[in-house]
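Asks: Once you've had a glance at the structure underneath, I'll fire off some questions.
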Amino acid sequence: MSHSSVDLAARCRGLVKDFVSGATAQRVLDGVDCDIPFSAMTLLVGPSGCGKTTLVSLLAGLLDPTAGEVMVLGTDIGRLRGKSKVQFRGRNIGFVFQQYNLLPALTARENAAVPMIINGAPRRRALEKSTELLERVGLATKADALPKNLSGGQQQRVAIARALVHDPRLLLCDEPTAALDAASGRTVMDLLRAVAVGPDRAVLIVTHDSRIYDRGDRMIVMADGKVTATLEEKSMFAGHEQTGAT
């Protein structure tokens, strides 16, 4: 299925990313073309080291491309600089990091409120919204706990609440269910769909977790820095379980 630019939350064309160390350059992405449509949960799978996290970091504006185009919500994010990039990312993009990145001195409620506060929302409103999202991810009783007193799975759910609190139009998730049991993983995926998938919203999920494949709408398969397939039919996802599990 092809998508017009109007239907796309993000579009990459000829995307190249080299990491340079001294006189040596390592090509991590090698001419990636991919589309991330609105109203869909897209899964990004492939073996470790194939470039998935680098691609997501480029879409988030955390890295700049070596060559090619990264259009996010109609903006060439690779060309934004400094404050403009920070503001664009803060308004439009949510990111669930693999390592959670919670602030150790803040409670779960405060951690989840950070994006709204950074965007200038009143602290009280931000905390109210973060409390609501913590309830939705099953952490109502842990709202005042510090990260050190939360399990890995609980920290992950705080990170998901934080990513959703400012109503981002594009949500990027790096292994959001890795620390969760199967039931919790399905609950989180259902929450992401309910909150972050809509006519002007989209979700991209990097995952090795074949248990959640049935929650996705489409799948992008990567290998060796390239997109090797884009699958639009769920019946085709299962064949890539081994690819995504390495």
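Asks: Can you compute the radius of gyration and Dmax for region 63-176, using only the Cα atoms, both in Å?
Replies: Cα radius of gyration and Dmax of region 63-176 are 14.9, 47 Å respectively.
Asks: Separate question: What ranking, highest mean first, results for peptides 146-156, 42-52 when packing means the other Cβ atoms within 10 Å averaged over each residue?
Replies: 42-52, 146-156
Asks: Counting only the backbone N, which residues of region 5-47 are under 18 Å from the spot 7 Å out from the Cα of residue 67 toward its beta-carbon?
Replies: Within reach of a label on residue 67: 12-21, 24-34.
Asks: To the nearest 20 debye, what is the magnitude of the charge dipole of region 113-189 about its Cα centre, counting +1 on the Cβ of each Lys and Arg and -1 on the Cβ of each Asp and Glu?
Replies: 220
Asks: Also, quick follow-up: So what's the net charge close to residue 51: Lys and Arg +1, Asp and Glu -1, counting the other residues with Cβ under 12 Å from its Cβ?
Replies: For residues surrounding residue 51, the net value is +1.
Asks: Could you give the semi-axes, largest first, of the ellipsoid that matches region 115-246, computed as the square roots of 5 times the alpha carbon gyration tensor eigenvalues and rounded to whole Å?
Replies: Listed largest to smallest, the semi-axes of region 115-246 are 29, 17, 12 Å.
Asks: Kindly count the pairs of lysines across region 29-159 whose alpha carbons are less than 27 Å apart, treating pairs on different chains or eight or more residues apart as eligible.
Replies: Step by step, the pairs that qualify in region 29-159 add up to 6.
Asks: What is the magnitude of the charge dipole of region 1-80 about its Cα centre, with +1 placed on the Cβ of each Lys and Arg, -1 on the Cβ of each Asp and Glu, and no other charges, expressed in debye to the nearest 20?
Replies: 140
Asks: Quote the convex hull volume per residue of region 68-128, based on C-alpha atoms, as a whole number of Å³.
Replies: In region 68-128, the Cα hull volume divided by residue count equals 115 Å³.
Asks: Checking the a/c ratio against 1.5 first, then a/b against b/c, what shape does the Cα gyration tensor give for region 175-227?
Replies: oblate
Asks: Using bins 5 angstrom wide from zero, how does P(r) for region 145-211 break down, in % of all Cα pairs?
Replies: Taking all Cα pairs of region 145-211, the binned fractions are 3, 17, 29, 25, 17, 8, 2, 0 percent.
Asks: Now, a different point. What do you get when you divide the Cα radius of gyration of region 96-143 by 2.2 N^0.38 Å, with N the number of residues?
Replies: Taking N as the residue count of region 96-143, the ratio is 1.09.
Asks: Another one. Under the Kirkwood approximation applied to all pairs of distinct alpha-carbon atoms, what is the hydrodynamic radius of the chain in Å?
Replies: 18.3
Asks: With no solvent and one point per C-alpha, what does the Debye sum give as log10 I(q)/I(0) for region 1-134 at q = 0.19 Å⁻¹?
Replies: Listed by q, the Debye log ratios stand at -1.19.
Asks: On a full-extension model of 0.36 nm per residue, what is the gain between residue 233 and residue 105, subtracting their alpha-carbon distance, rounded to one decimal in nm?
Replies: Value of the extension gain: 41.6 nm.
Asks: With springs only between Cα atoms under 10 Å apart, run a GNM on the chain and tell me which of 23, 60, 161 wobbles the most.
Replies: Greatest mean-square fluctuation among the candidates belongs to 23.
Asks: Answer with one residue from 172, 143, 153: the one whose Cα lies farthest towards the positive end of the charge dipole of region 119-192, charges on Cβ with Lys, Arg +1 and Asp, Glu -1.
Replies: 143
Asks: Sticking with this structure for a sec: Just grab the label-to-label distance for residue 194 and residue 98, each label 7 Å out from Cα along the Cβ direction, in nm (one decimal).
Replies: Output for this residue pair reads 2.9 nm.
Throughout, read-outs are computed from the coordinates displayed, never taken from laboratory work. Everything numeric here is computed off the predicted structure, so don't read it as measured data. Every residue, glycine as well, gets a Cβ built from its backbone with ideal geometry; the counts of neighbours run over all protein chains shown.
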